[in-house]
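The structure appears below as structure tokens.
Each reported figure results from applying straightforward, stated rules to the coordinates on display, with no laboratory input. In this text, all values refer to a predicted model and were calculated from it rather than measured experimentally. Here the Cβ positions follow ideal geometry from the backbone for every residue, glycine too, while neighbour counts run over all protein chains shown.
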């Protein structure tokens, strides 16, 4: 069974940094691209970043480009999102998601439960 | 960036009715490889989103055949025939043809 468990969220002051993790199990992590998607409280979904299976291809939303870094450790079956220069508008539930099949990045077939990031002083 | 416009914002329905949601793109979603990466997701209250449809009209594993995706170019539709209680929630279209990828704002399917 595919499982994705996010962690690392919490309360952080504006301008500070935070690193999220997504531990994957139930599949061969190194064969799949991975993604981060977020949802601000009471709002819609926003795609954040994607990374290919070997980290050769990385994509970011304009709203986070230059501040967030997506990465992965295939030996640890873990996806990361390093967030810097955090703003109040980054407050959201952050989901990691796996695509339906290998060698692609979407569609997002499997989702974690999310980890909540709150940016506030 | 590609803007996806979903209509209506809310769709009141009676159980057993058909529902239809539109997703219009600010530019064609046909990729240079010939595929159209338009997807549909449903987020039920308190849950993570779930994949319904990918590449316009392909149902994901386990998705009932009452969910039908159609369209081409920049105009897409999700039809739900015979709405059931478990279909209620917010539906999002999403495009992965153009970087950066984008979601529509969502359509809430709710009971009349």
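Here are some notes:
- Kirkwood estimate for the protein assembly as shown, i.e. one over the average of 1/r between Cα atoms, Å: 18.0 Å
- Amide N proximity, the range A:33-63 versus residue A:102 label position 7 Å along Cα-to-Cβ, cut-off under 18 Å: A:33-35, A:51-57
- Among A:102, A:83, the ranking by other beta carbons within 10 Å of each residue's beta carbon, starting with the fewest, stands as A:102, A:83.
- Counting Cβ atoms of other protein chains within 10 Å of each residue's Cβ and taking the mean over peptide B:92-102 gives 5.
- Of all beta bridges that DSSP places with both ends in the protein assembly as shown, some 90 percent have antiparallel geometry.
- P(r) tail for chain B: Cα pairs beyond 20 Å make up 34% of the total.
- On full extension, the segment bounded by residue A:88 and residue A:5 gains 27.5 nm, given 0.36 nm per residue less the C-alpha separation.
- Averaged over A:33-39, number of beta-carbon atoms from partner chains that fall within 10 Å: 2
- Equivalent ellipsoid dimensions for chain A as semi-axes, Å, which come from the Cα gyration tensor, largest first: 23, 14, 13
- For residues of A:101-110, the mean tally of beta carbons on other chains within 10 Å: 5
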